[in-house]
Structure formats: structure tokens, C-alpha cells
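The values are calculated or read from the model by the stated rules, or taken from the named source; none is laboratory data. None of these values were measured; they are calculated from a predicted model. With ideal geometry, Cβ positions are generated from the backbone for all residues, glycine too; neighbour counts draw on all protein chains shown.
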There are 2 protein chains.
Amino acid sequence: MEKAAFPLGEVYGLLEPGPVILLSTAGTARPNIMTLSWHMMVEFEPPLIACVVSNRDYSFGLLEAGGECVINIPSTELADKVVGCGNTSGRKIDKFQHFGLTPVPASLVKAPLIAECYANLECRVFDRDMVEKYGIFILEVVAAWLDTSRKDPRTLHHRGMGKFMVAGETIKLASKMK
Amino acid sequence: MEKAAFPLGEVYGLLEPGPVILLSTAGTARPNIMTLSWHMMVEFEPPLIACVVSNRDYSFGLLEAGGECVINIPSTELADKVVGCGNTSGRKIDKFQHFGLTPVPASLVKAPLIAECYANLECRVFDRDMVEKYGIFILEVVAAWLDTSRKDPRTLHHRGMGKFMVAGETIKLASKMK
């Protein structure tokens with residue numbers, strides 16, 4: 001995979017804009033992928049990310065058991081696969097095989113990276129305190145990878161009911177906010 | 001204010017794409033505004049939203065004390081004011097006055113709506129369990145307002161260090177995901 005290690009302190013810039021992500025998990029039978037939009041940054045460095053995984057999702061059990069996952073960020077070219085992963089369950093199909101996505105071994109976690117995604121964040125579950133009440137997992141990013149050949153990848157942003165906003169242009173303002 | 005009540009069950013469609021928000025709070029001295037990108041949906045209906053407010057922010061104390069806030073969603077026309085609110089502190093200035101933003105009384109909470117924002121979500125603090133550890137407040141949206149005359153408002157999405165992605169076109173896919 002032609003991706004470069006990405007500085008952990010800059011991970012927030014990838015996730016703060018709110019892209020749809022593909023969360024991959026390892027499993028005893030096979031790895032799985034779920035489509036997810038309910039995530040947010042919690043800390044800059046080491047990067048902590050909160051995300052919601054429902055206990056109705058097949059990935060919930062895999063994340064609970066394995067304690068690891070990869071957050072993969074797809075761009076619009078993968079729109080059909082993103083929707084496909086969201087409309088199906090890993091209980092019934094092997095999503096990597098079914099949607100023609102390529103699992104690549106991660107460097108520090110057992111869950112696979114999705115090769116076709118331009119960014120991959122290897123994560124370990126950091127805090128389970130809010131899992132029972134809300135399905136909120138706090139994840140720590142332990143390694144990050146970026147396809148540096150992709151200039152300005154257009155992410156997808158979920159509006160619900162089949163509608164997605166596609167990332168537009170990036171502008172520069174006089175902000176001092178990290 | 002010419003805004004229509006917006007169905008609570010559809011609020012997720014406003015916030016899931018990950019826009020920069022302006023969080024307004026009431027205060028004994030004066031109301032305040034902070035710029036914020038670390039938020040996510042937690043439940044569809046009644047809508048629950050998690051957001052991170054640092055205890056270094058002036059708004060932290062106001063939110064802790066008042067237990068209420070409004071999530072206001074700005075579009076690109078307000079970019080300079082959004083950045084201004086992010087680069088200043090309510091300890092020193094009245095942000096409504098300084099940036100020419102208009103406070104409008106909310107229907108159910110003491111915090112004011114920001115008139116210039118196309119969407120306003122009146123919120124009450126629902127769960128403080130993660131405040132001490134991460135600054136995560138779980139908010140319940142109790143009333144929502146939308147400027148229905150604004151077709152396709154272009155939201156801002158923070159990338160850090162002065163860079164913002166501007167929302168692009170909305171596409172329709174075959175997704176069954178709510």
C-alpha cells in the first residue's frame with residue numbers, strides 16, 4: 001500500500017469536517033465493515049475519537065471482543081460501496097469480498113485497513129464507560145496512514161435518507177483555532 | 001424571526017454532515033458564543049447530541065451553571081464571524097455586540113438563538129457523566145428552528161489551522177440508512 005505514516009497530532013484535521021467513515025473490525029470468522037457518521041474528536045494528541053456503535057450492529061460485538069478497529073475514510077469514488085456496507089449486515093455476508101474492498105494488515109491492531117480508502121486510522125478502545133448507556137466508544141488512534149498522492153479527496157457527509165453532501169472547496173481564513 | 005419549527009426526528013440530518021457550530025449560552029453578565037466542531041449525534045429521537053467543551057473555555061462555566069444552550073448552524077456568509085467567535089473569549093468581550101450577531105429569545109431555554117444562523121437547536125444538558133473526564137456534554141434537543149427560505153445553505157467544516165471545507169453539492173444514493 002502506497003501510503004505514508006501520518007502525524008497523530010494532525011488526525012483531527014481529517015475527522016473534524018465530519019466525513020462518513022468505514023469502521024473495520026477483526027473477527028474470529030471474518031473481518032467486518034460498517035458505515036458510520038456518528039463520531040467526533042475528543043482530544044488532539046494522542047488523538048481520542050468518540051463514536052457510536054449500536055448494539056444491534058454486528059460490529060458492536062466484534063469491537064467489544066477485539067477492542068480494536070480501523071477508521072477508514074472513503075471519498076466519493078467509493079460511494080456505492082459505502083452505501084452497500086451501510087445497507088447490509090456482516091452477520092450474513094463477507095463485506096470485503098462482496099463489495100470488492102481490499103483488507104490490508106494494519107501495523108499495530110488486528111483489524112484490517114481498507115486499501116481503497118485514502119486515510120486509515122488504527123484505533124484501540126480507550127474507554128468503555130459510555131458503551132452500555134449510549135454505545136459510545138472512546139478510541140485512541142495509535143497509527144495513521146494517508147495516501148499522499150490524493151490531492152483534495154472529496155469526502156461524503158451523511159444527511160440521511162439516501163442524501164449525502166459531497167465535500168466542496170477548501171478555503172483559508174484568519175482562524176487561530178487548532 | 002422567520003423560521004419554522006423543525007421536526008426533532010430530522011435534526012440528525014443537519015448535524016451528521018459535521019458542520020462548524022456556534023454554541024450560545026446564557027449568563028448572569030451576558031450571553032456568550034463559542035465556535036465548536038467536536039460534536040456528534042448520539043440518538044435520533046428525542047435527538048441527543050454529544051459535544052466537547054473544554055473547561056478552559058468561558059462557555060464551559062456557563063453551560064455547567066445554566067444547563068442549557070443553543071446549537072446554531074452558520075453558513076459560509078458568516079465565516080468571518082465564526083472565526084472571530086473562535087479567536088476571542090467571552091471573558092473579555094460581548095461577542096453578540098462585537099460581531100454584530102443578533103440574540104433572539106428561545107422558546108424553551110434561557111440561552112439565545114443567533115438570528116443570522118439558518119438553523120437553531122435549543123438544548124438542555126441531558127447527561128454530565130463524561131464532563132469531568134473529557135468535557136463531553138450529552139445534550140437533548142428540545143426545540144428546533146429552520147430558515148426554510150434558505151435553499152441548500154453551505155456549511156463550514158473545520159480542517160484546523162485556518163482551513164475550512166465548504167459544503168459542496170448534495171447527491172442522492174440508494175441508501176436505506178436513516
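Figures for the structure shown
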read-out: Count of the stretch B:119-137 residues which are surrounded by 22 or more Cβ atoms within 10 Å (Cβ to Cβ) and either away from chain A (no Cβ under 12 Å) or among the aromatic types (F, W, Y) (or both); value: 6
read-out: Number of positions in the stretch A:84-118 that are under 14 Å from the mean Cα position of the chain (by Cα) and either within 14 Å of another protein chain (Cβ to nearest Cβ) or small (G, A, S) (or both); value: 5
read-out: Single unsatisfied condition, A:E45 versus (1) away from every other protein chain (no Cβ under 14 Å); (2) more than 22 Å from B:L173 (Cβ to Cβ); (3) charged (D, E, K, R); value: (1)
read-out: Matching residues, the stretch A:98-110, being touching a Gly at 6+ places or on another chain (Cβ under 9 Å) and either surrounded by fewer than 16 Cβ atoms within 10 Å (Cβ to Cβ) or within 15 Å of A:T35 (Cα to Cα) (or both); value: A:H98, A:F99
read-out: Some residue of the stretch A:32-40 being in contact with a His (Cβ under 9 Å, 6 or more places away or on another chain), under 21 Å from A:L78 (Cα atoms), buried (at least 20 other Cβ atoms within 10 Å of the Cβ) and in contact (Cβ under 8 Å) with a residue 24 or more places away in the chain; value: yes
read-out: Only listed residue being part of a loop (DSSP other than H, G, I, E, B), touching a strand residue (DSSP E or B) at 6+ places or on another chain (Cβ under 9 Å) and at pLDDT 95 or above, chosen from A:L101, A:L156, A:L62; value: A:L101
read-out: Given (1) within 14 Å of another protein chain (Cβ to nearest Cβ); (2) assigned to a loop (DSSP other than H, G, I, E, B); (3) free of Cβ contacts under 8 Å to residues at least 40 places away in the same chain; (4) not β-branched (V, I, T), index of the condition B:K178 fails; value: (3)
read-out: Residue list for the stretch B:11-27, restricted to those being surrounded by fewer than 20 Cβ atoms within 10 Å (Cβ to Cβ) and in contact (Cβ under 8 Å) with a residue 24 or more places away in the chain; value: B:G27
